[in-house]
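Comments concern the structure below.
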Amino acid sequence: KHRKIHLAVHAGLHIEIRDQGVGLPTKLQRGVGLESMRQRVEELDGSFHIFSPQNGGTNLIVELPLTKSEA
């Protein structure tokens, strides 16, 4: 099974992690790990996406600004 981690810096930090495993279950039970990651990314004004493509595996994509915006 292959795993791929991609990091890029443009207007912000882009993190993408992909694997070719069995993917996410159709009824995803959120655990502490994924929910904690999502909450922390949102606290930093970023975006967090996790999904399984039709061809299998799992993709996790996080976008973070380089500086926290002032509200």
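The values are calculated or read from the model by the stated rules, or taken from the named source; none is laboratory data. Everything numeric here is computed off the predicted structure, so don't read it as measured data. Here Cβ is always computed from backbone atoms with ideal geometry, including for glycine, and neighbour counts include all displayed protein chains. Calculation scope for accessible area: heavy atoms of the full protein, side chains included, ligands and nucleic acids excluded. Shrake-Rupley method; radii C 1.70, N 1.55, O 1.52, S 1.80 Å.
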Item to check | Every residue from the range 20-35 that is open to solvent by less than 60 Å² (accessible area, probe 1.4 Å) and of a type outside the set (A, V, I, L, M, F, W, C) | outcome: 21, 23, 31, 33, 35
Checklist outcome for this item: Output for Cβ contacts, cut-off 6 Å, separation at least six or different chains, first residue in contact (Cβ under 8 Å) with a residue 24 or more places away in the chain in the range 9-28, second open to solvent by 70 Å² or more (accessible area, probe 1.4 Å) and part of a loop (DSSP other than H, G, I, E, B), reads 12/66; 20/1; 20/2; 21/1
Checklist entry - Within the range 19-32, is even one residue part of a strand (DSSP E or B), within 14 Å of the chain's Cα centre (by Cα) and at pLDDT below 90? => result yes
Checklist entry - Within the range 36-46, how many residues turn out to be open to solvent by 60 Å² or more (accessible area, probe 1.4 Å) and either β-branched (Val, Ile, Thr) or in contact with a Ser or Thr (Cβ under 8 Å, 6 or more places away or on another chain) (or both)? => result 1
Checklist entry - Being closer than 16 Å to residue 8 by Cα and surrounded by 12 or more Cβ atoms within 10 Å (Cβ to Cβ), is that true of even one residue in the range 47-54? => result yes
